[in-house]
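Written below as structure tokens is the structure these notes are about.
Derivation of every value follows stated rules applied to the coordinates shown; laboratory data play no part. In this text, all values refer to a predicted model and were calculated from it rather than measured experimentally.
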């Protein structure tokens, strides 16, 4: 249940941001998040491979 409430909180923040900022800034933020996520996944996979070997 906790993760669901957390997700709803994020959606609320996202909606507020959507109202207050321009679309260009939002796209920039999304790009930044995607880059961070890809880096995190990449590092996580590398660490997992390093540990298993």
Angle between the Cα long axis of helix 23-52 and the longest principal axis of the chain, 0 to 90 degrees, nearest 10?
20
For the chain, what percent of Cα pairs sit more than 16 Å apart?
62
What is the angle, in °, between the Cα long axis of helix 2-20 and the longest principal axis of the Cα atoms in the chain? Nearest 10 is fine, range 0 to 90.
50
